[in-house]
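Since the structure comes first, as structure tokens, the remarks are kept for the end.
The values are calculated or read from the model by the stated rules, or taken from the named source; none is laboratory data. All values reported here derive from a predicted model rather than from experimental measurement. In this analysis, Cβ positions are derived from the backbone assuming ideal geometry, glycine residues included, and neighbour counts consider all displayed protein chains.
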């Protein structure tokens, strides 16, 4: 997600200061209680959305291995609790648990290499390898492995030709994997799969369920594609404040200077959370040309890549 902007800290600070000022001016205890509830709701929303939409920098990529280890360690420890001794009936140490977690990650990395390696012993095309992997186990871990395989070969058209990306996209159902395939094709100059993916998301944006509209907005934000911003824009006028906030965050992740005028009216919105976030979106989009995000960059794909080792 590019560089970290620490959105959550200024967002919470700005929103909390605004709400507190309003509350101090209001002698009505009931309204103060409502404002406090709105603050809590806003905190939770921003923190939740930040986990998937906040911009990351290269330091996060360098920390991937440690993050994956932390994710795997609880599962390893749980299994150790169920079998708390070694074959020699001695206690299993934390170091041994760490070794098991590292071994699990090495297995995932080996699966990625197997997907990415062409050999006489395994002449299957990439899309068939992915199909066989997920047919045996369509876990989140294997989705992450397949996604990483695509990412690692994004610049290798000989080993991963465009038709193989298309075969993965049309042959698989997981939205994360399909997005990575579409983004990789865009990286090579062809936005057709990304255009299809965002068009397929339109029913979710029109859903009567606000939660579904919000989930769709989060998915569109992960594309990092300006074409998605055009579909996101109408939801800036959604009557549901939560949807409106998600639309602003999604537009910040996908838009460019061309979309600033769509947000300007919300900069003076009566809801302080909406107005603050709208101003933040404008500030971000002002730094992007009208051609920005019309093609996907390698960093965009890497920023949204599922972590290896997720169970």
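Here are the numbers for the structure shown:
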| read-out | value |
| --- | --- |
| Residues (closer than 15 Å to residue 260 by Cα and modelled with pLDDT of 95 or more) located in the range 200-230 | 226, 227, 228, 229 |
| Qualifying residue in the range 224-234 (condition: under 23 Å from residue 288 (Cβ atoms) and within 14 Å of the chain's Cα centre (by Cα)) | yes |
| Pairs, first in contact (Cβ under 8 Å) with a residue 12 or more places away in the chain in the range 255-271, second exposed (fewer than 15 other Cβ atoms within 10 Å of the Cβ), C-beta under 7 Å, six or more apart | 256/289; 256/290; 257/286; 257/289; 257/290; 258/290; 260/286 |
| Scan of the range 166-206 for residues that are without any contact (Cβ under 8 Å) to a residue 24 or more places away in the chain and surrounded by 15 or more Cβ atoms within 10 Å (Cβ to Cβ), ordered by number | 178, 185, 204 |
